[in-house]
Amino acid sequence: MSKDYQFLKPYQFTNGVTLPNRIVMAPVTTQSSFFDGTVSDEEVKFYKMRSGVGMVIVEVANINKDGKGFEGELSVADDRFIPGLRKLANAVHSKGSKAVLQIFDAGRKTSRQILRGDQPRSASAVAPHRNPDEVPRALTEQEVEQVIRDFGAASVRAIKAGFDGVEIHGANTYLLQQFFSPHSNQRTDRWGGDVYQRMNFAKAVIKEVRRVVDANAARPFLVGYRFSPEELSDPGIRIGDTLKLVDMLSDQPVDYLHTSLGDRKRSSLLDPDDQESLNHKILKVIADRKPLIEVGNIQSPADAEAALNDGAALAAMGRELLREPNWIEKVQADDEKTIRYVLSPTDMDLVGLPGGLQTELRTGFLNAMNFSDQQTADFRHQFGQMEGFGG
Ligand SMILES: Cc1cc2nc3c(=O)[nH]c(=O)nc-3n(C[C@H](O)[C@H](O)[C@H](O)COP(=O)(O)O)c2cc1C
């Protein structure tokens, strides 16, 4: 029976990269890299245990030292990180998954403490609501150009490390989103202005990444783009803005788009009268120009199948693959009844969760993980409100 699932079928991107199945591991920061961003053995083990899905999007890596967002963060900011990143790519490949590295600059979503005394930078000198005392400085025009080149250099390192692609992290309120948001971008140069001018930074990053990929990749290499559909701040990104962004992205040289949502079926948080799901609106605008990855509360095989039936090309899972590293093997082996949907805190070592991630799950994500030792009623609701979490 299980063999009939369409998510078990291979998926071929237009550029030729072929996935063994249509399940994607969503990027999940483990907060377990060394102090400077070097890959740790715990991370290698964590990814090795989860190989077997079609594609693993490895947790976000910073592209420069000023763009670091949190402690224990992976880095692709220097050539010295390539040997460690190669171990990660090999771990992901071990049971046939394709390996994509998510790359970012955190912009203002960091702190002087994380940056060892340096002031965070962003599109404009506007503090984030969540941390009003941490006022960033605006990047100069030359610095903006440098960050764009940093995205390119990081992509070259991902190629050298043996990855099959990079995902440009334009979601979860990091620098790319800060340039798109009317809250954080009040620039009057060519990087700011109306909704279309606020897309210029994203376009320039895509152009540079595509340029270096075409010049350096000896085999087909994916370039993906992740975005968040809404911001709660006022002013902030509204779904109408995002649909314009999606229309633009659909004509860019990227291989896939990826919505970042805590619940893939969610409709607008800002317009409760509009019940159409955000992903449905997004798919209509894409109009088959690009494959879309949907994520958010996909746990069971039926959930994954429903995402594909709704029009997603690929179904991504974050928390469920933390709980159940053998999810795809169990489905393939007709052993669905043993899939873990609840995690005992005593099994976190057993399922290979690195120490930094264990701490994060037991604090920031306590209500969102389906731990067996606590009340989890309402966790879906709480999780759905959090758009900028976890990296
Ligand atoms: C612990 C944790 C870390 C995360 N780290 C990242 C990250 O590095 N990059 C990112 O884009 N999203 C990150 N996310 C969001 C996930 O990719 C995903 O969108 C979210 O967990 C919803 O999917 P799920 O319901 O399958 O967990 C993280 C989520 C969690 C729980």
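What do you reckon, is F104 at pLDDT 95 or above, surrounded by fewer than 21 Cβ atoms within 10 Å (Cβ to Cβ) and within 16 Å of the ligand (Cβ to nearest atom)?
In short, no.
Checking V351 against (1) closer than 22 Å to E230 by Cβ; (2) assigned to a loop (DSSP other than H, G, I, E, B), only one condition comes out false. Which one?
(1)
Which residues, counting only those in region 250-285, are within 19 Å of the chain's Cα centre (by Cα), assigned to a helix (DSSP H, G or I) and away from the ligand (no atom under 16 Å from the Cβ)?
Across region 250-285, the qualifying residues are S250, L283.
Let's see how each residue does on (1) more than 16 Å from the ligand (Cβ to nearest atom); (2) outside any helix (DSSP H, G or I); (3) under 21 Å from G318 (Cβ atoms):
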residue: V58; (1), (2), (3): no, yes, yes
residue: I82; (1), (2), (3): yes, no, no
residue: R86; (1), (2), (3): yes, no, no
residue: A91; (1), (2), (3): yes, no, yes
residue: E143; (1), (2), (3): yes, no, no
residue: R149; (1), (2), (3): yes, no, no
residue: A153; (1), (2), (3): yes, no, no
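If I filter region 238-282 down to residues being touching a strand residue (DSSP E or B) at 6+ places or on another chain (Cβ under 6 Å) and not β-branched (V, I, T), which single residue comes out as nearest to Q178 (Cα to Cα)?
By that ranking, first place goes to S260.
What's the number of the only condition in (1) surrounded by 23 or more Cβ atoms within 10 Å (Cβ to Cβ); (2) without any contact (Cβ under 8 Å) to a residue 40 or more places away in the chain that S111 fails to meet?
(1)
The values are calculated or read from the model by the stated rules, or taken from the named source; none is laboratory data. No experiment lies behind these values; they were computed from the predicted model shown. Every residue, glycine as well, gets a Cβ built from its backbone with ideal geometry; the counts of neighbours run over all protein chains shown.
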